[in-house]
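Report on the structure given below.
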Amino acid sequence: MSAQPPDPIAEPTSSSNAPEWSVSELSFALKRTLEDAFGFVRLRGEISGFKRHSSGHCYFTLKDENANIDAVMWRGNAARLRFRPEDGLEVIAQGKITTYPGRSKYQIVVDSLEPAGVGALMALLEERRKALAAEGLFDADRKRAIPFLPRVIGVVTSPTGAVIRDILHRLDDRFPRRVLVWPVAVQGEGAAAQVAAAIRGFNALAPAGPVPRPDVLIVARGGGSLEDLWAFNEEVVVRAAAESAIPLISAVGHETDTTLIDFASDRRAPTPTAAAEMAVPVRADLLATVADFARRQHAAAARLMTERREKVRGLARALPRPDDLLALASQRLDTARDRLPRALKGLLDKGRADLGVRGALRPAVLSRMAEDRRARLDDVAARLARARGRAAADTREALARDRQRLVELQARSTRAVRQRIAVSAERLTATAKLLDTLSYRATLARGFALVRDADGRPVHAAAGIAGGVALDIEFADGHVRATAEGGGGPTLPKQKAQPKPPTPAKQQGSLF
């Protein structure tokens, strides 16, 4: 085997046998190594620099007294959080360690996040939720519809917090209603008992009493930690909400906070402000109705315009052809074109005479003026020709459409006539067969005879025949003349029977 010549542009050989890595190869190798070694970790630390991106992903740092690590929680896992992460909150994060090659940093991808030290509370909460759900307190068929426009709204909340101000402000903006506030403690010792007593107290009001009975209840509280919201997880509050005969809206905490009263209430609002929006109708509904009327009016106007347009098109068919409309203008243009050179010459002569500079004008100037006028005239002629061409094209298209429609109508009429003739022929054949069946000639063919008097009237009985009366006896094959004798039957003369006239072929006989 002959040796190949060295490549003049090949890289110089290295004295080391160590493989060469690209930056990307090394970064992703480190990424795979960390993910294999720390594919599942539980990490305890304090949240710092928490940020929820517009995409829904959460970015923060977990730290302790000696170190910190970046953390990221993707949108799907962040949506399942049951508490609101805040800076300074100690949590337990579960996930995997990975790297971000773009910045040469390692981080933890968090799958689940829970407050540190509240694991027992969460277990108790889940156990209580299952027990109450087994009793049917959370069933969907127990939930009632919220009135469309309640007259009185009962609110169970703290009278000093921002919640009641938000609710009143939102009701005033959307649809002002009468509001009854039952002040309660929403946190701490005895809060659960006060909330349950308020719900039952509103239900105990008489509908026609001095204090009006609310048509809908709102149980509201601002956000907080699991311990702060624990009063709304108490069994006494949940049972009071489930027993309420008045439709109840729960608005406890923020959107990510979930308490057991949310399951027992008829509607859950993510915030107290949203609860006020659920309790009363929105003025935008009226605007939507007006907008719907406007759309219907616009549609009616559009239909009217369409009908008028069709009417105009129908009237346009009666107008003369474009060629006829342009014929007079074309003739006038041709006449003007013929007169133009003479007019230009006359105008030029008049100008020379008026200015007294007959010899000053040169043939070149006159030529340019004539060319300019001729160019204008050619432009007008070209525009007229284009207009005539467009009109002729439109006329040809209309004639083609009419011709096609005429052909279709002719074909349809031909089929209809043929079908009508076929039906009439069938009916005629059936009628002829029926006539032959009912004709008296069929009776004569079976051996009977028809006797008529001299006036051609049929004779029905022998008693009605006088002697010497002339009779006409018709058989199937002809007629016989006879004379009646008194007290007996007719005397038949010996004469040759008249032959039956032939019936024309394929012709229907007369009924008479």
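Derivation of every value follows stated rules applied to the coordinates shown; laboratory data play no part. Just so we're clear, the structure is a prediction, and the values are computed from it rather than from any experiment. Glycine gets a Cβ as well: all are built from the backbone with ideal geometry, and neighbour counts include every protein chain shown.
Annotations
- Residues of segment 185-218 with amide N under 15 Å of the 7 Å Cα→Cβ point at Glu243: 193-205
- Approximate spin-label separation Leu435-Ser22, in nm, with each point projected 7 Å along Cα-to-Cβ: 10.3
- Relative exposure of Lys31, Lys345, judged by other C-beta atoms within 10 Å (fewest first): Lys345, Lys31
- A simple count of charges around Val179, restricted to other residues whose Cβ falls under 15 Å of its Cβ and scoring Lys, Arg +1 and Asp, Glu -1, yields +2.
- Note on Arg52 and Glu35: the extension gain reaches 3.6 nm, defined as 0.36 nm multiplied by sequence separation minus the Cα-Cα distance.
- Judged by the mean number of other Cβ atoms found within 10 Å, the most tightly packed of the peptides 202-212, 18-28 leads the ranking 202-212, 18-28.
- Taking one quarter of the surface of the C-alpha convex hull of segment 23-117 gives a mean projected area of 6.6 nm².
- The angle between the Cα long axis of helix 363-438 and the main principal axis of the chain comes to about 60°, on a 0 to 90 degree scale.
- Neighbourhood charge, 12 Å Cβ-Cβ cut-off, centred on Gly456 and excluding it, Lys, Arg +1 and Asp, Glu -1: -2
- Label point 7 Å beyond Cα of Asp402 along Cβ direction - residues of segment 303-320 with amide nitrogen under 11 Å: 317-320
- Computed label-point distance, nm, for sites Leu348 and Ile69 using a 7 Å Cα→Cβ extension: 10.1
- Listed from fewest to most Cβ neighbours within 10 Å, the set Val238, Val110 follows the order Val110, Val238.
- Over the chain: helical MRE at 222 nm, DSSP H runs n ≥ 4 each giving -39500 (n - 2.57), nearest 500: -15500 deg cm²/dmol
- The label point for Thr443 and the one for Ala300, both projected 7 Å from the Cα toward the Cβ, are 7.4 nm apart.
- Three-way shape label, the chain, alpha-carbon gyration tensor, a/c 1.5: oblate
- For the chain, the relative contact order works out to 8 percent when only alpha carbon pairs closer than 8 Å and six or more residues apart are counted.
- Peptide ranges 407-420, 172-185 listed from the most packed, as the mean C-beta count within 10 angstrom indicates: 172-185, 407-420
- Ellipsoid fit via the Cα gyration tensor, segment 77-233: semi-axes of 39, 20, 16 Å, each the root of five times an eigenvalue, largest first.
- Between Glu227 and Asp173, full extension at 0.36 nm per residue minus the direct alpha carbon distance yields a gain of 16.1 nm.
- Expressed as a fraction of 2.2 N^0.38 Å, the C-alpha radius of gyration for segment 321-465 is 3.02.
- Normalised contact order of segment 137-281, rounded percent, pairs of Cα under 8 Å and 6 or more residues apart: 31
- Extension reserve of the Ser104-Asp378 stretch, reckoned as 0.36 nm per residue once the Cα distance is removed: 91.0 nm
- Virtual paramagnetic centre 7 Å along Cα→Cβ of Glu135, amide N under 11 Å, in segment 227-259: 235-243
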